[in-house]
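Okay, so here's the structure we're looking at.
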């Protein structure tokens, strides 16, 4: 097994799977910013700003993808954005498909309702991976109760806040201030001073990234 393959190995540590693929290469593979590196993504140091082509020896050679290839790339992109692995993503899809409503909207709303994602949008972590780590380290309370499960689904009206002992962490404070300068999504409300926020409602599709084409994912799983 070569070094490049080793870096991309997905393994299980303390029953928590992780993807070790370099984050900037993941963005380059998808050809757009996935905002996986926190504040770096908002600077000219972002890999997409410098080398907007896939990594590897033949990355600059443009090739035409098949319909299946486009569907697969879209699924990979969404998995990388939200930091979920294949089995997790498949389960989320099938659960979304059984719900009432539009499957694609259900899928994205479930992903956005994950505690690690809500923690990220509230500014308590500079990236989703950092927010996931903050959740795992028992730094987040939901309705006054400590929750350390990143996949926990936050419901409308739930209050998410940073634990008192973690409010002085410099990285968390810096993340909140940076997020406040960029404004928060309309479907959450954040009290920056108290490091507390309310998940007001599931976001509408119009409030979610326009660069995601969930219909391609539905086509892929419908085969």
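Cβ neighbours within 10 Å, averaged per peptide: list 190-201, 106-117 in order, most packed at the top.
106-117, 190-201
Among 218, 134, the ranking by other beta carbons within 10 Å of each residue's beta carbon, starting with the fewest, stands as 218, 134.
Peptides 118-125, 210-217 ranked from most to least packed by the mean count of surrounding Cβ atoms within 10 Å: 118-125, 210-217.
Can you list, largest first and rounded to whole Å, the semi-axes you get for segment 114-199 by taking the square root of 5 times each eigenvalue of its Cα gyration tensor?
They are 16, 15, 12 Å, listed largest first.
With the simple model of a label 7 Å out from the Cα in the direction of the Cβ, residue 99 to residue 213 spans 2.4 nm. Ranked by how many other Cβ atoms sit within 10 Å of their own Cβ, fewest first, the residues 151, 96 fall in the order 151, 96. A crude spin-label estimate for the pair residue 146 and residue 180, with each label 7 Å from Cα along the Cβ direction, gives 2.6 nm.
We did not get these values from a lab; they are worked out from the coordinates using the rules stated. Computed from a prediction, not measured in an experiment: that's the story for all the values here. Neighbour counts run over all protein chains shown; Cβ positions are idealised from the backbone, glycine included.
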